[in-house]
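Have a look at the structure that comes next, please.
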Amino acid sequence: MEAIKADLLATGQYELVEQNLNFRLDDPYTRQVPRLRLKTDNNFYPCISLWTEHVYMLNVDGEKVEVPETHAWNVVLMEERFDLHITWANADSISYTTRTANGVKILPTIRSQSADIKYPIYIPTIPRMLDAQLDQARYRVTHPEDFPDLGTNRPRYHLRNFIRYLHLENPTQREKVLPELAERNRGEMEALLDKFQRKPLVTLASFSAQELEKKTNP
């Protein structure tokens, strides 16, 4: 990681800056991650954070999914086996195949790679990402001295969002994800799934002024 940081700084196009905790849910754990800013005013995401395997608790040599771009303009799910089903609280498919077929703009107009030079881009699988977040959450418990001012529990926040947006508490999704987690994390993940309470859908109804008056003042 130090070599990558040195190489980027040597180009003269980047400068080293402090982590912006406003972007990291005020989590002090992220202060150990080097953050470099591109020296330009015309870049939508001018900073890059260099997470090591040790800090993120994720080995890059594990199972992964190839993606066409580093940045997506809209919500999209590349690991399509975890796609949603309409019967799950009126969920809609968010898979790359479905969204592109529906005309949703996923890839930016200006790509991160040139048209003639392309390198494969990979992301970790969802089970491996969950393992990393569960390990980070456990670290906060076993090393409380590193978190005198916790702020938001960042890994727990991400775990809740994984469950919420991928409906992981659903039996079908649960059967896919739990066996692929590290054995040390299955019990904790199952407990999180059991505790998760999905908010009921709010249905908006139309009432006349007289009907609304009767409902609010019976």
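For a quick check of your reading of the model, give me the residue pairs whose first member lies in the range 66-79 and is touching a residue at least 24 places away in the same chain (Cβ under 8 Å), whose second is of a type in the set (G, A, S), with beta-carbon atoms closer than 6 Å and at least 6 apart or on different chains.
T70/S112; L77/S95
Across the range 28-84, what is the total count of residues that are in contact with a helix residue (DSSP H, G or I) (Cβ under 9 Å, 6 or more places away or on another chain) and outside any loop (DSSP other than H, G, I, E, B)?
Of the residues in the range 28-84, 18 are in contact with a helix residue (DSSP H, G or I) (Cβ under 9 Å, 6 or more places away or on another chain) and outside any loop (DSSP other than H, G, I, E, B).
Specify the residue that is nearest to L107 (Cα to Cα); the eligible residues are those in the range 80-95 that are touching a residue at least 12 places away in the same chain (Cβ under 8 Å) and among the hydrophobic types (A, V, I, L, M, F, W, C).
I94
To keep it simple, each residue is scored yes or no on (1) modelled with pLDDT of 95 or more; (2) in a loop (DSSP other than H, G, I, E, B); (3) under 19 Å from the mean Cα position of the chain (by Cα).
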site	(1), (2), (3)
D149	no, yes, no
T152	no, yes, yes
V177	yes, no, yes
M189	yes, no, yes
L193	yes, no, yes
K199	no, yes, no
S206	no, yes, no
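Another one. May I ask you to list the residues in the range 3-43 that are more than 18 Å from N153 (Cβ to Cβ) and either of a type in the set (K, R) or in contact with a Pro (Cβ under 8 Å, 6 or more places away or on another chain) (or both)?
K5, L16, R35, R37, L38, K39, T40
In the set N102, N74, N59, which member is of a type in the set (S, T, N, Q) and farther than 28 Å from I48 by Cα?
After ruling out the rest, the residue left standing is N102.
The values are calculated or read from the model by the stated rules, or taken from the named source; none is laboratory data. Predicted model, so just to flag it, every value in this text is computed and none were measured. A quick note on method: Cβ atoms are made from the backbone with ideal geometry, for glycine too, and the neighbour counts reach across all protein chains shown.
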